Structures are given as C-alpha cells and as structure tokens.
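Read-outs: derived from the displayed coordinates by stated rules, not from any lab. None of these values were measured; they are calculated from a predicted model. Positions of Cβ are generated from backbone atoms using ideal geometry, with glycine treated the same way; all protein chains shown enter the neighbour counts.
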Amino acid sequence: MIPDKAPKEDVFHCPENLKEESHIPSFEKYKEEYIRSIENPDEFWGAIAKDFFWKTKHTGRFLEYNFDVTKGEIFIKCMEGATTNICYNLLDRNVHDKKLGDRIAFFWEGNEPGDELTVTYGELLQRVCQFANVLKSLGVKKGDRVSIYMPMVVELVVAMLACVRIGAVHSIVFAGFSSESLCERIIDSQCSLLVTADGFYRGDKLINLKFLADEALQKCREKGFPVKKSIVLKHLSKEPEEVVGSQSPPAKRSCPDLELHWNPDVDLCWHTLMKGASDQCEPEWCESEDPLFILYTSGSTGKPKGVLHTVSGYLLFVATTFKLVFDHQPDDVYWCTADIGWITGHSYITYGPLANGASSVLFEGLPTYPDMSRMWAIVDKYRVTKFYTAPTAIRMLMKYGSEPVQRYTRKSLKVLGTVGEPINPEAWQWYYSVVGEGRCPVVDTFWQTETGGHVLTPLPAATPMKPGSATFPFFGVVPAILNDSGEELEGPSEGYLVFKQPWPGVMRTVYGNHERFETTYFRKFPGYYVTGDGCRRDEDGYYWITGRIDDMLNVSGHLLSTAEVESALVEHKAVAEAAVVSRPHPVKGESLYCFVTLTDGATYNATLEAELRKQVREKIGAIATPDYIQNAPGLPKTRSGKIMRRVLRKIACGEKDMGDISTLADSGVVDELYRNRCCTTA
Ligand code: WT7
C-alpha cells in the first residue's frame, strides 16, 4: 500500500542539506522502518522504549487489543506490567541522566513584546516538585482529577507536570472556553480541585479569567458539585517578590485595575503555597494503563467527550512523532503556536518536546499583535528552527501579503508544520515559498485529540510533498479507506478514513462512558477505528483528507458539533428550533451558519441577533460565535420531520441547485429561505 518508490514529478523534495542530519533521510528508509513497525511492533517500539526510564519492565506483548465490537469489549493495552512516571522521564531523566539541567526548556514570550522569561530543565523540575507537594498537601492523590484553566504561562506546564508527578489526572480546559463549558467539564470528570489564574491579555483585550472561574465554581455548587479549592496564579497582579525565574520587568503586564474577588473559603494563592513547598518530591510510579489526562473534544450529540489518554503508550508515541516529524536535533529551537488547552499543545508543547530534551518557545500572545509580523519577529529573536502552526493562521497572515514576513530574515527555519484542518494548496504554497523561501519542507500533520499524536504525516527529509496532502501513515499506523458498505477500497479511491489497528498513543476510552467510546469510533464499521473524516487516496498512494463526514464543523482548526451550537441557541427563550450548518470561510476554513425558528410572539431583529451571538459565546466560548444567523420561519423537513441539512448547507452557500428535494414536506420553505439568505457576516 505504500509505494516502493516515491514519485519524482509534481512533488516538492526536501533540500539535500536537511537529509544529512535527518533521522529518516530517505523514502526507502521510511518504508523499511514502516514495515518493521507494522510487522514487528514489539521490536520497533521496544527499541524506542529503551530511551526512557521504566521502574519495572513490561511483560508479554507490546500491544494487546480488540478493535472489533462484535467480538466483545473494545480495549487497547500497551506495555502491560511496566511502571514509570512521565514527569520523571521528561524532567529528572533530562536533568540527572542527560545532564541537561541548564538547557532551556521554555523561552516564554509574553503577549507584550519585551515581556519574556526563560526556564531551564533544572528550574522546571524544581518548580514542578514544589507544586506537586502543594497538590499533595491539599490532599490530591493518585487517580484524582484536577481541572486546569490557565493562560499560556510556564505555570500551566508546571501544574500539568505536577499532576503527572503524583499520578493525578489533569483535565485542562482551554482558557477561551466559557464558565459554562468549564463547569460542565469539571463535573463530568469529577475534579476535586481547580487551578486557574487572575487574568491575561490577548492582544489588547484583558480577560478576567478568575471571574469566569468563579462563575464556573458557582455553577458547580448550584448543580450539587462543590469544588473545595481553587489555586489562583497571580499572572497579572503579582507582587514583585512573587516573580520567579529570570524575568524582564513585567511592567506592561501588571494590571492594578483587574477586579479580583477573593473567596477565602475556596481560593488559595499559588505564590503563598509555593513559598512553603519543598522542591523534593518522589514521583509516583504508575502502571502503563493508568490514566494520564482527560481532554474534552466536541461530540456529535452536543455533549463533549472526555478523551482519556494513558501513561506509557502516549509517552512513546508523542516522543517519537515529535522526534521524527520535526526531525528534532539537539540545537533546535522549536515553536508550536497552539494553546496547551488543545491536544496540539499537550502533545507538541509539553510532552513531545520535553521527552526529547528540546528547547521551545511558549508564546502567550497572538500572531497579529502588536502587528502582523509578530510571528516572524519571534522566529528571528529565538532563532526558531522548527515551526508548527495552523492553516487558519497562515491564511490570515497571507491576506496581508509578504511584506510583514519579509521584515524579518527567518533564516534559522528548517521545517514548517501545519495541523488542525486541511490546508488548501494556495496557503501551502505561500507558507512554503514566502515563509520558508522554498528551503523548508512543510509537514502537513493529520491527527485528532483521540489519536494522541500524528497519524498521517510526511517526514521532512523522507517524504516528497504534495501541497494539501498529509501523505502517508506514521510508524505503527495502518489506515484504510472504506465505502458505505464497509468494504476496504484498494488503490486510488475515496471514502471513510479508518484505522485497522491501534498505535501506542490512541485514546483508551471516553472518560466515564466506555459505551460512548465504542459507539462513536467502533460501531459503524466493526474491526476499525473510524475517524469521522473523509479521505481520498491518489494514484501515488498519497492520502488527502477531504473533511468531516459527520455533524462536526472545523472552525479555525477547532472542532465544534452542530448539535452543541444548536442547543445553545434553543436555550434562548425566543428560539423554538435551530439548525446549524457549515459555510466555507476564506480564513477560518469553515464558519457557522445558523437558522433559527422563533417561538410564537417573538420578533426577529438586530437586538435578538446580538443576544443569540452572546448566548452561544457564553454557553460555549468565543470560538463558537455564529458568523451568520438567519430567521427561518420554517425549516426544510422530510415528512417524518427530519431537518434536511443538505438543503440548508446549499442555502448557506448560496447554491441554487438543491438536488433532489422530493422527500420534502413543504418545498415552499426552501425558496423563502434562499431569498432571505445572509450574504454578509455580522
Ligand atoms: C480533526 C481533529 C489534531 C490537533 C488539532 C485538531 C481535522 C486535523 C488535519 C490535517 C486535514 C485535519 C480532522 C480531524 N484535521 N489535522 N492536517 N488535515 N484535517 O484536533 O480538535 O481533535 O480535530 O481536525 O477533521 O478529524 P481535533
């Protein structure tokens, strides 16, 4: 299924100088290793496992699993019998065994240019141990869930690794999510503690995070789930003596105006707790399949799913994908622009880079603040060699042309990566030729919160690139394309993207709901993990993701379910029914087009529209803000009452030809909706 030889024409090749230092320097080598990873996973991953510390070795086979619902419960077990601690592997091993204590783990770059600090592996270990002791002193134990709701600061990494050190399970909620979303996630994973911060700036906008956290805790109390303690980091309102590390004066960052309500029964100050904490903390040795973290992702029913990842397999998978996909070398400076609140940040800001002893940039701000060249200013400032971002960011910067890019040299860059959604060939070309000046391979990495790490991806020195294709499977990953009847298609074909066997980093369950795990990913086609994405394989064997084939939308690289936006809308008293579909967007990839049917007596006007937007923002978060809202006195339905989304999608896109609408109960509805469709966003 992977061709013996890579195509020579109509592809972009890796520059020769990169091949010299590469881990996987040719397509032939990739293919050889790929076959080994599939035919002999025990040997392949066993060799990789030798790079890490195991308190006890695993017994039996490297991977055991059942992917077939008809044969019993779905399970994946990796390295059963082994015990380890990921925090120990990321920090102690690098500091003590590899003598990397003085190496910079993170160059923290604040929202405001000039606000910066560096943290070495040694310092990070110290602070993680201190915070681990803080958690222990508050009664947090192995297996307990801790919710983390923080901006992009070093303390976020400290909090997550402190959990890992004591075997607690972190559940990070992206700081852009609403208090309602935070509350829902805290309750779903039954978190006993919250770690949060006072606030932060996003560009010139001040976010009072503590206010949102307080609201969430209040909602938790109302729902009968009181969270006893909340640790609050003073990121903006820090006293001078509370500054830790080598930091420039955070003058522009401090914010005396931030209103903080301190609840002495619940709130604890991060800095006060840290002051008294010892920096020695024995790691808790965990079993391979002990839970590591929970991270929520949108589910098509509207309720987010708590994706659970476990210890050993995740560690090996993210460490290996990071090393090979970015061709990591000791002198690299790596920068992933994602937020740690998403899986990209978990795997490729915290776990993957630290497992490799890498030095990374941790950026708090926005690509557009204070101006359009901020990214390239940072690339030059830290001499970034490997750079990883999202197609939506590329498309947005592309609008401003090459001048803001060319203000900086970017000469340190060696590899460029993208993630989150399909990258359109124009954006790929711009990234490759303007940002990378044709000397940096672009790795278009396809993966999901569920897959833990990259599953389809080029390797920079091995895989000839085709703009828009995520190319071939990573080691250990076996993709297939199925038709509607679940038959595997061979050769060039298009259909459902599935995987035939697990790789070490695949999710193990939906937290607290194994049945939902089986239904969502394994029931449709027994024997396969179903991604929910459509995919095409071309004549050279390259895979091209064609987009979601379920009720999910991808807005700026973030998945949303139409159902969750609809249920936020119908919670407004003026809305009787809502239907949300996707409309292509030049920067965000997709945008939200919402049809709402009002309740009797309600009138549609600009005030209501603004209220609905606010409603969705408050229920879910700013990423889910509707782009278009249309008053729909009637929705196109079948005689059995099912909304015909296919028709709504056409209306949203302004397409006149509705296809077959003979099953429609009342076809007049369609003409009216089409006539009144929205053409511009709010
Ligand atoms: C969905 C997963 C993986 C981290 C960020 C998103 C889409 C992701 C690509 C890519 C085409 C992509 C898919 C996937 N997606 N990367 N390189 N090419 N599509 O994580 O929120 O779990 O979303 O994002 O549709 O299923 P996520």
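Have a look at 94, 131, 104 and report the one farthest towards the positive end of the charge dipole of the stretch 94-135, computed about the Cα centre with Cβ charges (Lys/Arg +1, Asp/Glu -1).
94
Taking the Cα centre as origin and putting +1 on Lys and Arg beta-carbons and -1 on Asp and Glu beta-carbons, what dipole magnitude results for the stretch 22-111, to the nearest 20 debye?
260
What is the log10 of I(q)/I(0) for the stretch 595-682, computed with the Debye formula using one identical point scatterer on each Cα and no solvent, at q = 0.18 Å⁻¹?
Calculated log10 I(q)/I(0) at the listed q: -0.87.
Note down the magnitude of the dipole of the chain about its Cα centre, charges +1 on Lys and Arg C-beta and -1 on Asp and Glu C-beta and zero elsewhere, to the nearest 20 debye.
480
Calculate I(q)/I(0) for the stretch 41-86 by the Debye formula, one identical point scatterer on each C-alpha and no solvent, and give its log10 at q = 0.14 Å⁻¹ to two decimals.
-0.40
For the stretch 617-649 and the stretch 304-365, what is the separation of their C-alpha centers, rounded to whole Å?
Centre-to-centre distance over Cα atoms comes out at 36 Å.
Which FRET efficiency, nearest 0.05, do residue 493 and residue 515 yield, Cβ-Cβ r, R0 45 Å?
It comes out at approximately 0.90.
What area, in nm² and to one decimal, does the C-alpha convex hull of the stretch 430-528 cast on average over all directions?
For the stretch 430-528, averaging the hull's shadow over all directions gives 7.9 nm².
Give me the number: length gained by fully extending residue 667 to residue 605, i.e. 0.36 nm times residue separation minus the C-alpha to C-alpha distance, one decimal in nm.
Stretched out fully, the residue 667 to residue 605 stretch lengthens by 19.8 nm.
Using the Kirkwood formula over every pair of different C-alpha atoms, what hydrodynamic radius in Å results for the stretch 532-682?
Value: 16.3 Å, from the Cα pair sum.
Just from its helices, what would the mean residue ellipticity at 222 nm be for the chain, if runs of 4 or more DSSP H residues each count -39500 (n - 2.57) and the sum is divided by every residue, rounded to the nearest 500 deg cm²/dmol?
Counting only the DSSP helices, I get -7500 deg cm²/dmol.
Quick check: the distance between the Cα centres of the stretch 509-584 and the stretch 382-439, to the nearest angstrom?
Each part's Cα centre sits 28 Å from the other's.
With +1 on the Cβ of every Lys and Arg and -1 on the Cβ of every Asp and Glu, and nothing else charged, how large is the dipole of the stretch 552-682 about its Cα centre, in debye rounded to the nearest 20?
Rounded to the nearest 20 debye, it is 200 debye.
Over all distinct alpha-carbon pairs, what is the Kirkwood Rh of the chain in angstrom?
26.0
May I ask you to compute the full-extension gain from residue 103 to residue 409, defined as 0.36 nm times their residue separation minus their alpha-carbon distance, rounded to one decimal in nm?
Here the segment from residue 103 to residue 409 would lengthen by 107.6 nm.
Take 638, 83 and order them by how many other Cβ atoms sit within 10 Å, fewest up front.
Placing the least packed residue first, the sequence is 638, 83.
For 583, 185, 613, 165, which order do you get if you count the other beta carbons within 10 Å of each Cβ and list the fewest first?
With the fewest neighbours first, 583, 185, 613, 165 line up as 613, 583, 185, 165.
Any chance you could run the full-extension gain for residue 437 through residue 64? It's 0.36 nm times the residue separation minus the Cα-Cα distance, nm to one decimal.
Answer, rounded to one decimal: 129.8 nm.
Tell me the label-point distance for the pair residue 259, residue 223, using the 7 Å Cα-to-Cβ offset, in nm and rounded to one decimal.
2.5
Given a Förster radius of 51 Å and the C-beta distance between residue 279 and residue 536 as r, what FRET efficiency does 1/(1 + (r/R0)^6) yield to the nearest 0.05?
That pair, residue 279 with residue 536, gives E of 0.45.
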